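Below is one structure; the comments refer to it alone.
The values are calculated or read from the model by the stated rules, or taken from the named source; none is laboratory data. Quick caveat, the model's predicted, so the values are computed rather than measured. With ideal geometry, Cβ positions are generated from the backbone for all residues, glycine too; neighbour counts draw on all protein chains shown. Just so you know, the surface numbers come from the protein's heavy atoms only, side chains and all, with ligands and any DNA or RNA stripped out. Shrake-Rupley method; radii C 1.70, N 1.55, O 1.52, S 1.80 Å.
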Amino acid sequence: MTSLAPDTATTTAEHRLTGTLGPGPIVFMVVAAAAPLTVIAGGAPLGILLGNGPGYPAMFAAVALVLLPFSVGLSTMSRLVPKPGAFFTYVGYGLNRRWGLGAAYLALLTYTAVQVAVYAYVGFSLNMTVTALGGPPLPWWLYTLAVIGLVGYLGYRHIELSSKVLGLLLIGEILIVLALGVAVIATGGAEGLSLAPFAPANVLSGAPGVGLMFAAAGFIGFESTAIYRDEARQPERTIPRATYAAVILIGVFYTFGAWVLVMAEGPSKVLEVAAQDPGAMVINVTAAYLGPIGGAIVNVLLLTSLFACVLSFHNVIARYQHSMAHAGTLPSALKAVHPVHGSPSASSLTQTVTTAVLVVALAVAGLDPVLAVFTWLSGVATLGVVVLMALTSLAVMVFFARHRDVVGSVWETRVLPALGLVGLVVMTALIVAYFPVLVGGGPALTVGLIATVPLALAGGYAQAVHLRARRPELYADLTDHISA
């Protein structure tokens, strides 16, 4: 396929990110961002309890089926647009500069929200673990700030160091879930093995919309493969392969892990068990099937899963800021690349500082790290990423409608992106409808949190309009970064 964007070689060498990442390391980073064990151990019990009970595993499969056609459009664009930046780059090329910049700010809101949410949860979890072992109880935010410091150190260095750390942690998460799955299958579970979670009566039971929200939240981060374009080996082939592998691996792993959880307790009893103690459900199940050592291993890997998640999102946010700085919409200082590590060092440091400030502000406000910070910001992130993907699908369709001479099958350029768009619009409507159940609180809180999504989009759009009127030369230069 021919490229429809300027060559990235025009970027000055000192501001270019470089690397030789293959599909494997990129998949490790984006799958680690999805925090697979955290989703199985933390999200699945809540999805079972508040969503559609024994039918919850089917929600992961449903979300994956929606995201696969979306991934086709995203990957096709990545071959034609040789720029890192993912959502805001492709929205800019497909629609226009104004919508592209709006998408950039919405992406920053989305990833910042999920990162701070997980930071709060990991601080809370570390405090609980330390006190359970006889250590002194400390404020959750002290643990969080310590983790922020460690993540900042790794994010400042070369991306391949982060990918190795994330890869090792991810392998541990996958192995423990597979071990639990083997044990449950070998014993036949509590009520025998079956496909009951995929029976229509179970899938549509309870509140399937809530189950869909929890499942969608588990996929946040898979689409960030394109942000590593400048650091990938043969990006035209590496990025699409990594994207497909990420969504398939995440979808299969989540569906299998949730199915194992239902089989371990039995379809008729899993809802009752989840209601008793959703936070400890997976640890208890693992201890029952793999013994106390297995339960202890899950507890440790939960902490490392959370750490892997925040490290991966740190890398994504740092690169979003770096790309936006190149576009002239964030301070130019964020364009700096470390002369030795080849990392977006200035953006990484800035991300570390801003995250620490946000965590301190939330702690001073006295918000509960799980019931408030984690729950509320996870809801914002879920809505934000689905809106971003829907906007990107629309941009892909518009882009190929305008460039009919581009080589590509009708399935890649029109049919599958359209199917993805329909599915994402339906998901957006369901998330908005069930948002109060996800975050709790009154109408004012619900409206306020939902409003952050259109406000972020409108803020970026407004900045682009301002640049067009006051700094037309900078607005025109956005062509090289977020639009065609």
Residue count, the range 351-373 (criterion: open to solvent by 50 Å² or more (accessible area, probe 1.4 Å) and part of a helix (DSSP H, G or I)): 8
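For the range 202-220, which positions are assigned to a helix (DSSP H, G or I) and open to solvent by 20 Å² or more (accessible area, probe 1.4 Å)? First the steps, then the outcome.
Taking the range 202-220 as the starting set, the residues that turn out to be assigned to a helix (DSSP H, G or I) are 202-203, 208-217.
Asn202, Val203, Pro208, Leu212, Phe214, Ala217, listed by residue number.
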Matching residues in the range 268-310 - criterion: being in contact (Cβ under 8 Å) with a residue 24 or more places away in the chain, farther than 21 Å from Met128 by Cα and part of a helix (DSSP H, G or I): Val270, Leu271, Ala288, Tyr289, Leu290
Restricting the range 243-277 to residues that are open to solvent by 10 Å² or more (accessible area, probe 1.4 Å), over 16 Å from the mean Cα position of the chain (by Cα) and among the β-branched types (Val, Ile, Thr), the residue that is farthest from Ala64 (Cα to Cα): Val273
Complete set of residues in the range 103-138 that are free of Cβ contacts under 8 Å to residues at least 60 places away in the same chain and open to solvent by 30 Å² or more (accessible area, probe 1.4 Å): Met128, Val130, Thr131, Ala132, Leu133, Gly134, Pro136, Pro137, Leu138
Some residue of the range 170-183 being among the acidic types (Asp, Glu), modelled with pLDDT under 90 and open to solvent by 40 Å² or more (accessible area, probe 1.4 Å): no
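Residues of the range 291-301 being aliphatic (A, V, I, L, M) and open to solvent by 30 Å² or more (accessible area, probe 1.4 Å), which ones? Quick ask: steps written out before the conclusion?
Step one: filter the range 291-301 for residues aliphatic (A, V, I, L, M), giving 293, 296-298, 300-301.
Hits for the range 291-301 are Ile293, Ala296, Ile297, Val300.
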For Pro454: the one exception among (1) surrounded by fewer than 16 Cβ atoms within 10 Å (Cβ to Cβ); (2) within 23 Å of Ala113 (Cα to Cα); (3) at pLDDT below 90: (3)
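Residue-wise test of (1) modelled with pLDDT of 85 or more; (2) open to solvent by less than 10 Å² (accessible area, probe 1.4 Å).
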{"site": "Thr2", "(1), (2)": "no, no"}
{"site": "Ala33", "(1), (2)": "no, yes"}
{"site": "Pro36", "(1), (2)": "no, yes"}
{"site": "Ile48", "(1), (2)": "yes, yes"}
{"site": "Asn52", "(1), (2)": "yes, yes"}
{"site": "Phe60", "(1), (2)": "yes, yes"}
{"site": "Pro69", "(1), (2)": "yes, no"}
{"site": "Gly73", "(1), (2)": "no, yes"}
{"site": "Met77", "(1), (2)": "no, yes"}
Test: residue in the range 87-102 that is modelled with pLDDT of 90 or more and surrounded by 24 or more Cβ atoms within 10 Å (Cβ to Cβ): yes
Lone qualifier among Val437, Val447, Val465, Val426 - being in a helix (DSSP H, G or I) and either exposed (fewer than 13 other Cβ atoms within 10 Å of the Cβ) or of a type in the set (Ser, Thr, Tyr) (or both): Val447
